[in-house]
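Notes follow once the structure below has been shown.
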């Protein structure tokens, strides 16, 4: 399948199917993800939403038995084409994980890791990147005096914001978030949500969440996944006040779960 | 439900349990007792031989006098050389198996081979070393040949502990690095290996302890019966504590005369091995405490 | 499997309470008109007194709605049901106020003989009550059809009001002594007309509740 650049669309997904071994987890979905918007993916456990997210930066490649068919076009490039540079793709499509996963290094080194991989050696430049990344995640004031202490000395919420800062440091275009608040307390969650709102001015964000209220709060578009299919995809405000599909309605009002 | 007033006769209820617990405790304590008795008896008989002369001089007068310095140094040399062989080999294999090879069958075959190597009797290693390194590669009876042989023998320990150390590194470190655009090697090099090094060091030191205490493999590949000087290079023969002990205990023509020296040698060897194990435990404890994930 | 059972039970209770309030309001209308027809001042006073209970119930339902929103974060259909409840209790309360106003007008007329036999005003009241009943049924059963019927009935109430207005005007012109009572009756008619309008608002909200679309129907 050929890909073409579509205006204001970051990802154009067509007929995507994903299986683990013999088990099909995504059964043919199509979605266009708008740039500079937050797209939330909701659905019950096992509906394939995390799997879907992982295909967008090809982190699914780390699962040996996975098989992906169909097409995912990222800004006109088929990311599953044989010629795709996966490392470059992951520079553009960053990821934040469910549990904060800082490296066992200093705060500074955590953020400098990505830029260093890209060959930034200049100390001054690295300092600049670290500072601006931490500022963008509203972490700078909290950690500027202890950039050399271990990332593990931070609280869970701070660690997660550090991980977001780390992703920003490589100047991505898209940020994938896999239940980024599931291990955090409500205040830390609220801070991350504020941050997401701030980041969407500059980045395209796709967030998988178990928390429907969170999806309703942070996203502009919502996709409801159920057993490997996209049941409904549209404006978040519509989905949560007046969904078209009965299944969506039943899920978000808790009439099945 | 238990009636509230019955809550108080807990002791009576569990008397059989206490009995079982006591028996198991006895078993566990017996192992400690054996070790204490063992160390105690070696120490009490060997301590009288230990002196500055004993530790720093070469054996004299048909090994009935003087010290065991060449054996101590030889053991240290051969052990370190062994590490130089087995650590790169073992850690490299472990990284490959754990981080890069994704084929289940291939990995199973490699792991099976390693387990089999671990099960080979040490004298067979000696024979193998004699055939391959001493004769085949023409290294002669030497430190190098012995180190290669011991290196092969400790390889399974190193691989297994290195793999355990790698497995203990959370997957999230790898994912985090990969998601930032690291290649697999970069992820391993910068995030996984640094986190695994303490575990690997522990394994290496345990391997070292094992190498230091072995007699059979070096018997055929490089240990000298009597060599009252330090080895001149890696191709030279050497004396080693376990082999020296073996000679003093069974091969000497005045066994009863050298018996105290044998105990002294045993004590030194034991101290060396315990010291190494102690170091391994210390490293493990230190990193377990400072481990943050 | 239904998972948010306790929430849905609370929602059912809320609906039941709202229907009860609707029932009370409907009774108020009926009683106030009966008081007028029979010139039963005792009944009229009762209507005025009962208004307090309706006001109290409105506050109670309002608090319950806000509590459910805060505690349960309702979505979709549930959200619309609660939002609708919040909106329509205000209308119901106003309808009850108008019933109360009618009763007060009765008290003002007192026992003096009526200037004309009452035909159209009870008819309007009957229509308005019917509309309210339909609207409440529509809320209970998510029935849009009934809500649309409510809106159509309002046209009839409006034209009856015009008729009553012209008729009373002629009575007033005939004899200035009629003016006081005719004014009271005119107010009553216009209260009923307002009740019809509020019920139409209610119906619009019910249509939103079921379909998610906001429509203006009483142009």
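Only the coordinates and a few stated rules stand behind these numbers; no lab work does. Everything numeric here is computed off the predicted structure, so don't read it as measured data. In this analysis, Cβ positions are derived from the backbone assuming ideal geometry, glycine residues included, and neighbour counts consider all displayed protein chains.
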Inset, instruction - Would you mind ranking B:159, A:143 by Cβ crowding within 10 Å, fewest neighbours first? - result: A:143, B:159
Inset, instruction - Could you pull the Rg and Dmax for the protein assembly as shown, using just the Cα atoms, both in Å? - result: 43.3, 156
Inset, instruction - Pairs of Cα atoms under 8 Å, at least six residues apart: use those to get the relative contact order of chain A, whole percent. - result: 27 percent
Inset, instruction - Could you work out how far the C-alpha centroid of segment C:149-219 sits from that of segment B:245-283, in angstrom? - result: 113 Å
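For chain C, count the residues as N, evaluate 2.2 N^0.38 Å, and divide the Cα radius of gyration by that value, please.
Expressed relative to 2.2 N^0.38 Å, the Cα Rg reads 1.12.
Tell me, in nm to one decimal, what length is gained between residue B:5 and residue B:105 on full extension, where the rule is 0.36 nm per residue of separation less the Cα-Cα distance? Mind showing how you got there, number by number?
Details: separation 100, 0.36 × 100 = 36.00 nm, distance 6.04 nm.
Once the chain is fully extended between residue B:5 and residue B:105, it gains 30.0 nm.
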Inset, instruction - Give me the Debye-computed log₁₀ of I(q)/I(0) at q = 0.09, 0.11 Å⁻¹ for chain B, equal point scatterers on Cα only, no solvent, two decimals. - result: -0.59, -0.80
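For peptide A:242-252, compute the average count of partner chain beta-carbon atoms within 10 Å of each residue's beta-carbon. Could the numbers behind the result be given before it?
Working: counts 8, 4, 1, 0, 1, 0, 2, 4, 3, 3, 6.
For this peptide, the per-residue mean of nearby foreign Cβ atoms is 3.
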Legend entry - Volume per residue of the C-alpha convex hull in segment A:1-62, rounded to whole Å³: 101 Å³
Inset, instruction - Give me the distance in nm between label points sitting 7 Å out from Cα along the Cα-to-Cβ direction at residue C:52 and residue B:73, one decimal. - result: 11.1 nm
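If we count other beta carbons within 10 Å of each Cβ, what is the order of B:7, C:217, A:168, fewest first? The partial results should precede the final answer.
On the way: B:7 9, C:217 15, A:168 24.
Sorted ascending by nearby Cβ count, the order is B:7, C:217, A:168.
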Inset, instruction - Could you run the Debye sum over the Cα atoms of segment C:93-219, one equal point scatterer each and no solvent, and tell me log10 of I(q)/I(0) at q = 0.10 Å⁻¹, two decimals? - result: -0.36
Inset, instruction - List A:16, C:18 from most exposed to least, where exposure is judged by having the fewest other Cβ atoms within 10 Å. - result: A:16, C:18
Inset, instruction - Run the quick spin-label model on residue A:185 and residue A:132: label points 7 Å from Cα toward the beta carbon, then report their separation in nm to one decimal. - result: 3.4 nm
Legend entry - Pairwise FRET efficiency - residue C:141 versus residue A:17, Cβ, R0 = 45 Å, nearest 0.05: 0.60
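In deg cm²/dmol, rounded to 500, what helix-only [θ] at 222 nm does chain C give when every DSSP H run of at least 4 residues adds -39500 (n - 2.57) and the total is split over its residues? Don't skip to the answer; put the middle values down first.
Details: 6 runs with 186 residues, N = 219.
After summing the helix terms and dividing by the residues of chain C, the value is -31000 deg cm²/dmol.
Take the Cα atoms of segment B:249-293, build their convex hull, and give its volume per residue in Å³.
Values: hull volume 2.3 nm³, N = 45.
Cα convex hull per residue, to the nearest whole number: 50 Å³.
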Inset, instruction - Would you look at the GNM of chain C, springs on alpha carbons closer than 10 Å, and say which of C:82, C:29, C:115 moves the most? - result: C:115
Inset, instruction - Please find the FRET efficiency linking residue B:290 to residue A:141, where r is the Cβ-Cβ separation and R0 is fixed at 35 Å, and quote it to the nearest 0.05. - result: 0.80
Legend entry - Square roots of 5 times each gyration tensor eigenvalue, C-alpha, chain A, largest first, Å: 31, 22, 16
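Viscosity 1.306 mPa s, temperature 10 °C: Stokes-Einstein D of segment B:145-293 from its Kirkwood Cα radius, in µm² per second?
Details: Rh = 18.0 Å.
In µm²/s, the coefficient rounds to 88.
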